[in-house]
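The values are calculated or read from the model by the stated rules, or taken from the named source; none is laboratory data. The structure presented is a predicted model; accordingly, all values stated were derived computationally and were not measured. Glycine also receives a Cβ, built like all others from the backbone with ideal geometry; neighbour counts cover every protein chain displayed.
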Amino acid sequence: MSTATSGTRAATQDPPATPPPARRVPWARLPGTTLIWLFVAFCAFAFLFMLLSSLKSSFNVLNHPFRLPTELKFSNWSKAWHDGGFGPAFVNSVLVVAIAATGTVLIASPAAYVLGRNQGRVSGGVSLYFVLGLGIPMQIIVLPLYSIMAKLHLIDNLAGLIVLYIVVNLPFTVYLLMSFFATLPGELEEAAALDGVGPAMTFWRIMLPLAKGGLVTALILVAISCWNETFLALMFLQTNDNFTLPLALVNFLTQQQFTGEDFGVMFAGVSIAVLPMLALYAWLGRRITEGLTLGAGK
């Protein structure tokens, strides 16, 4: 009896655990990983060089570019802000970017919702127009845009620039948000319809909050694009009072060629233009990555 019991116990015992397989070294990824880290190191070096140079005198920038500053010249930042015109340009950029990014997302959301939830032949044809809008070079349509804006008296006007930014960023924003709305559960729309809720209220109260990740991602990407945009601002803005930060930087560099180049002040102006978007990306960069991954994965 004991022999049979011991045999039964031995048969019911789990087999010995096999050791985990040895982790393979991804040698194929090593060149790409190395290039990525080299690029990251270069960007970090350029960022530190910009900040340190903005605190140096012009003599030290030219003669000792890689030496740490012996005396911090915060006056470079004050001179760039007041004398270089970066103060008013910063306010203009914040105003234009905030309104343009918010307006783009508000206008694109209903269109993306309709196109994303109705995958028919008609909606597919309309979606194709938005996709085609992504591939049209701005240099081709700038002259017709200038003619239209001139007739509307929106040349050298921040309101006109805001309208242009919204129009230009609509195709990308609609195409980005379509993937988010297409993956939302249809049962919620059916339940809202049974409760007597109309399509408009279903979108605003139910579906739009569920796509908050995609909306935040689109808002940040459009804001970064508008903040760094130079070509349209250069074409449609003419007076210094309406300049945005990229135009103020170009104008300041042009002035320095005739009045004597102060490289410390130049780097301070570049830092004023670059740091806000770097801070925004450092704060919400993970949200951007999660939003893009969520939209692609679903």
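What to note about this one:
- Count of region 48-104 residues, restricted to those that are buried (at least 20 other Cβ atoms within 10 Å of the Cβ), under 14 Å from residue 241 (Cα atoms) and among the hydrophobic types (A, V, I, L, M, F, W, C), is 3.
- If you filter region 204-255 down to residues that are assigned to a helix (DSSP H, G or I) and polar (S, T, N, Q), you find that the one that is nearest to residue 193 (Cα to Cα) is 217.
- Of all residue pairs spaced 6 or more apart or on separate chains, those with beta-carbon atoms under 7 Å, a first member in region 225-237 that is modelled with pLDDT of 90 or more and among the small types (Gly, Ala, Ser) and a second member that is assigned to a loop (DSSP other than H, G, I, E, B) and crowded, with 21+ Cβ neighbours inside 10 Å are 233/244.
- Positions within region 191-229 being within 21 Å of the chain's Cα centre (by Cα) and among the polar types (S, T, N, Q), in sequence order: 217, 225, 228
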